[in-house]
Structures are given as C-alpha cells and as structure tokens.
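A short worksheet on the structure shown next.
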Amino acid sequence: MKKPLIIITAIFVIFFGFLVAGPLFVINEGEQAVVVRLGQIVNVVTNAGLHVKIPFIDEVHRYSKKIMVWDGEAGRMPTAERQFIFVDVTARWRITNPETFHQAMKSNSEAYSKLSAVINAAVFSVVTENPLIETVRNSNIILEQPSETEMVTDDFEAEIEAMIRAGNEPVTRGRQQLANEMLARSQPMAVSYGVEIIDVLTRQIRYSEELTPSVYARMIMERNQMATYHRSFGEGRKAEWLGRTEHESRALLSSAFHQAEAIRGVADAEATRIFAEAHNRNREFFTFWRAIESYRSTLSEFDRKIISTDMDFFRYMFSATGR
C-alpha cells in the first residue's frame, strides 16, 4: 500500500513543481513576444492570450506592439549655403518584426540608440543638401496675396508687388517634403532592425547665434517692403477716392447752380410780371411812388451840393400834381 501512495505523491509533487515552474505565460493586448529556447528563437507570439512554454528552458521576451515616440536632441548642422542651424526632430515608430528586432537589438534602450544614429544621419544628409529657405518654410503662401493682386490698378502698384515677390525666394520643396525624404532615407535601415518608422517630424528649427542677426535683418526688410507696398496702395486708393469725390462734388454743385439759376430766372420773370401789372393799374401813382423812393435814397448825397429846383426830378416835391 505504501508503494502506490509514494508513486501518487511523487506524481503530484512533479505536477505541482511543473505548475510552479510556469509552463504558461500571458500576452496582454498591445504586446508581442519572442520565445527563446537554448539561445534559439522557437516561437513568435503576436496574439494576446494564454500560451505554453517549456519551464526552465524557454525564455519569453516581451515587446510592445504600440506606436512609440523617439525624441532626438537638437543638432547643429549646416545648410547648402553653409549656414548653421539647430534642427530638432521627433519620430513615431513601432516593432513590426519581433524576431528580427530581438536578434538586432534585444531591448528598447538599444533600439533608441540605433534609431538615433539612423534618423540623425538621415536628417543631417537632407539638411546639408538643401538651402535654408527649404528647411524653414513649408509653402509659398507668403508670396500669394490674391486680394492685393486683384486690387492692383496701375503700373506703380504692380511694380511694388513685383518687387516684394522678387525679394521673397520661392520654396520648391518645403519642410514637409524634406521630412518625408528623411523618413524615406531612414526607413530601409530601420526595417533591417525589425522596426517601422511611421513618420519623421521637424519639431523645431533654431538659428545659430552667428546666423540670427542676418535672419532678423532679412525678416525686417521683408516686412518693411510689405508695409511700403500697403502704404503705397492705400495712398493710391486715397487719391482715387478723393478724385472721385471731388468730381462728384463739382457735378453736384454744377447741377445745383444750374437749378438755382433756372429758379432765379423764373422768379425774376414773375417779379417783373407782377411789377408791370402793378404799374399798369395806376401809372400816375406808380410814378409818384417811384419818385418818393428815389428822393429817399438820393437826397442824402446832395446835402453839400447846390442844385436847381427847376429840375424835372423835383416835380413831386414842389408840385402836388407832379407837374
């Protein structure tokens, strides 16, 4: 009876030890794993769930399936014109081939180190092959002014706008296209590490100390040119509106003067008609009244003169009948 009991106990102990050794392992969502047996990769697990391994022999190396961020340090590098700038880039990446990644890197810290070498080399080569304007500007929107262009009405304003456009060098590729080229150059090496670089983004571009004054001077010059253009355009519009206002004012005054003269002519004709009608009703009285009004207005001028009373002008003064 003791021998079967010993056998059962031994089997139970072996089974318990097997469970304690961990024949099972769990892969969570967002994880993937590489199972290594005696230095050789025997299984790659990409699905979440419960999986089996050989205790004490198999090793499980877990890696993330999520998108991770690589942040580089700003590096000083020359452009095609030999102008030094500091370029700070960042990238998103993920592990697409766990087996290759384990063979090439084995850890995320080593992956960051190798990605830094790959991406920084691509950034340096792209920046040194292109002029400064391509790395700084992403489009030619500063040269596109549809509203001002539509309002240009004379040769002077057209010359100003042409001068401004000539002072701003157009971009042929731009910062985004350079970032895409950085990605294209770094991607083949990353694939050999079992890594996919999703994108490379320029986070910041900073001018070096010796370049900053010239950049600021150029920016000031461009803004001054733009301000001169807007002032000239405004002065032209002001002169145009003042001329139009003066023309309309003269037209209104001319029309008003014409209407006033017409009304005055009608009024004078009516006054003459009324005057003539009154004269014809009683010519003797009218003559007398005119003589009295004439005395009132003219006798003050003769206060120091000697005049004859035999004049016909005084007939109503010395004769009641005016004869």
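The values are calculated or read from the model by the stated rules, or taken from the named source; none is laboratory data. Since we're looking at a predicted model, the values are computed, not measured. Neighbour counts run over all protein chains shown; Cβ positions are idealised from the backbone, glycine included. With ligands, DNA and RNA removed, areas are computed over all heavy atoms of the protein, side chains included. Shrake-Rupley method; radii C 1.70, N 1.55, O 1.52, S 1.80 Å.
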Which one of these is at pLDDT 90 or above, open to solvent by 40 Å² or more (accessible area, probe 1.4 Å), outside any helix (DSSP H, G or I) and of a type in the set (D, E, K, R): LYS66, LYS106? LYS66
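For (1) open to solvent by 60 Å² or more (accessible area, probe 1.4 Å); (2) part of a helix (DSSP H, G or I), each residue gets a yes or a no:
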residue	(1), (2)
ARG82	yes, no
VAL87	no, no
ARG92	yes, no
LEU115	no, yes
PHE124	yes, yes
Residue check for GLN187: open to solvent by 80 Å² or more (accessible area, probe 1.4 Å) and in contact with an Asp or Glu (Cβ under 8 Å, 6 or more places away or on another chain): no
Can you tell me which residue within region 46-59, out of those that are part of a strand (DSSP E or B) and either at pLDDT 90 or above or open to solvent by 20 Å² or more (accessible area, probe 1.4 Å) (or both), is nearest to MET105 (Cα to Cα)? GLU59
Taking ARG76 as the residue in question, decide whether it is under 29 Å from ARG218 (Cα atoms), open to solvent by 50 Å² or more (accessible area, probe 1.4 Å) and modelled with pLDDT under 90. yes
Taking the options MET221, MET163, name whichever one is over 25 Å from ILE85 (Cα atoms) and at pLDDT below 90. MET163
